[in-house]
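> Take this structure first; my questions come after.
The values are calculated or read from the model by the stated rules, or taken from the named source; none is laboratory data. Model, not experiment: these values are computed from the prediction. All Cβ positions, even for glycine, are placed from backbone atoms using ideal geometry, and neighbour counts span all protein chains on display. Accessible surface areas use protein heavy atoms only, side chains included; no ligands, DNA or RNA. Shrake-Rupley method; radii C 1.70, N 1.55, O 1.52, S 1.80 Å.
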Amino acid sequence: MKRLLIFTILFPPLALVVFNTPDMVAGRFGLMDMNALQSAYIIAVIPSWLVAAIDWWQTRLWATTVAGAALCYVAAFSIGFPFSDAFSVLMVGLVGAVPAAVCSWLSRKAATR
C-alpha cells in the first residue's frame with residue numbers, strides 16, 4: 001500500500017520537474033505552476049500506477065527504471081512525438097526513468113522500516 005501511495009504522490013511532480021529541467025536551466029520557469037501540476041497528475045497517475053505494479057512485480061531498481069522509460073517511449077510514440085534528435089529521445093526516457101527510480105528507491109526504503 002505504501003508503494004502505491006509513494007508512486008501516486010511523487011511520480012507526477014517528479015516527471016513534471018524532469019520535463020521542465022531544460023527550461024529551468026535556461027532560466028524560464030513558465031510551466032512550473034499549479035495548472036501544470038494539475039495537468040501532470042491528470043496525465044501521469046495511471047502510468048505511475050503501472051510502474052508501481054511493475055515495481056511490485058520486479059524486485060530490482062533497474063527493472064523499474066527501464067519500465068518507466070519504456071512506458072514513456074511507448075506513450076510518446078503512440079501520440080506521434082517526432083523523435084528528431086538525440087536530446088529529445090533522451091528527455092522522453094528521462095521523464096519516465098527518473099521518477100520511476102526515485103519512487104522505487106523510496107518504496108524499498110519505506111518497506112525496510
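> Looking only at the stretch 34-47, which residues are among the polar types (S, T, N, Q) and open to solvent by 70 Å² or more (accessible area, probe 1.4 Å)?
Asn35, Gln38
> Between Leu31, Leu61, Leu16, which is on the phi < 0 side of the Ramachandran plot, under 11 Å from the mean Cα position of the chain (by Cα), surrounded by 14 or more Cβ atoms within 10 Å (Cβ to Cβ) and free of Cβ contacts under 8 Å to residues at least 60 places away in the same chain?
Leu16
> Restrict the check to the stretch 91-109 and report whether at least one residue is in contact with a Ser or Thr (Cβ under 9 Å, 6 or more places away or on another chain), assigned to a helix (DSSP H, G or I), farther than 20 Å from Ala52 by Cβ and open to solvent by less than 50 Å² (accessible area, probe 1.4 Å).
yes
> Any residue that is under 18 Å from Lys2 (Cβ atoms) and outside any loop (DSSP other than H, G, I, E, B) - is there at least one of those in the stretch 28-42?
For the stretch 28-42, residues under 18 Å from Lys2 (Cβ atoms) and outside any loop (DSSP other than H, G, I, E, B): absent.
> In the stretch 19-28, which residues are touching a residue at least 40 places away in the same chain (Cβ under 8 Å) and open to solvent by 60 Å² or more (accessible area, probe 1.4 Å)?
Within the stretch 19-28, Phe19 is the sole residue that qualifies.
> Given (1) surrounded by fewer than 14 Cβ atoms within 10 Å (Cβ to Cβ); (2) in a helix (DSSP H, G or I); (3) in contact with an Asp or Glu (Cβ under 8 Å, 6 or more places away or on another chain), where does Phe7 come up short, assuming only one miss?
Here Phe7 clears every test but (1).
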